[in-house]
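Only one structure is covered here, and it is reproduced in the block below.
What follows is calculated from the coordinates using simple rules that are stated; it is not laboratory data. Predicted model, so just to flag it, every value in this text is computed and none were measured. Here Cβ is always computed from backbone atoms with ideal geometry, including for glycine, and neighbour counts include all displayed protein chains.
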Amino acid sequence: MTELQTGPKWGRTLAWLGLLVLLAILALGLLRAQEGPVSPGQRTPEFELSTYDGEVFSSTNLVGKVIVLNFWASFCLPCAEEADELETAWQFYKDRDDVIFLGVAWSDMDTRALEYLDRYGVTYPNGPDLRTRISQDFRTRGVPETYIIDKNGIISHVQIGPFASSSQIKSVVDPLLGQ
């Protein structure tokens, strides 16, 4: 037999090993996708949002505040429908130290996202979901999705789809503030 026929089998072994690793990663991704979005009662995934204004918000530094975390996109019509309701609710709470609204631009170009924020007069902090890390951690399925997180970092409410009114938002946030 020639060396080619009996040569080292390590190449074949490495190829099989690589294939097995790839299949394991794929299987884990599929299992995670089947879990669905995070649910009320669960601890919020840790996240860091760098805003368009250069601020950085970290979930670990926001413990003690109620967080309204809204995933949106400039091309999303239901997002545009709820933009005014979110802004109205933000204006109601913005002078408090124990509430923060954060907008996460989901799969959007910065220029279009900034145009959206300007068009709808959104003033609460917003930033891009770089490499979709935040939306992957929350296992979002689309936009709009809003997660309201209590002062202890526990998800209190999940809104799939748009909020219908600012009073609906307040009805979820106020009990978390002890009002």
FRET efficiency for Ser39 and Lys9, Cβ-Cβ distance as r, R0 = 35 Å, nearest 0.05? 0.15
Quick one: among Arg12, Arg96, Arg133, which has the greatest mean-square fluctuation in a GNM of the chain with alpha-carbon springs under 10 angstrom? Arg12
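Given the rule -39500 (n - 2.57) for each run of at least 4 DSSP H residues, summed and divided by the residues of the chain, what is its mean residue ellipticity at 222 nm, to the nearest 500 deg cm²/dmol? Mind showing how you got there, number by number?
On the way: 6 runs with 74 residues, N = 179.
Value at 222 nm, helices only, nearest 500: -13000 deg cm²/dmol.
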Among 64-77, 45-58, the order from most to least packed when residues are scored by Cβ within 10 Å on average: 64-77, 45-58
Apply the a/c threshold of 1.5 to the C-alpha gyration tensor of region 48-177 and tell me whether it is rounded, prolate or oblate. rounded
Hey, what do the phi angles of region 84-91 turn into as Karplus ³J(HN,Hα) couplings, whole Hz, using 6.51/-1.76/1.60 and θ = phi - 60°, x for Gly and Pro? 5, 5, 5, 5, 4, 5, 4, 4
Relative packing of 161-172, 135-146, which averages over residues the other C-beta atoms within 10 Å, highest first: 135-146, 161-172
Restricting to bridges with both residues inside region 48-177, how much of the DSSP beta-bridge set is antiparallel, in percent to the nearest 5? 55 percent
Counting lysine pairs in the chain that sit 8 or more positions apart or on different chains, with Cα atoms under 23 Å apart, gives 6
Using the Karplus curve 6.51 cos²θ - 1.76 cosθ + 1.60 with θ = phi - 60°, what ³J(HN,Hα) values do you get for each residue of region 54-63, in whole Hz, with x for Gly and Pro? x, 7, 10, 10, 10, 4, 5, 8, 9, 4
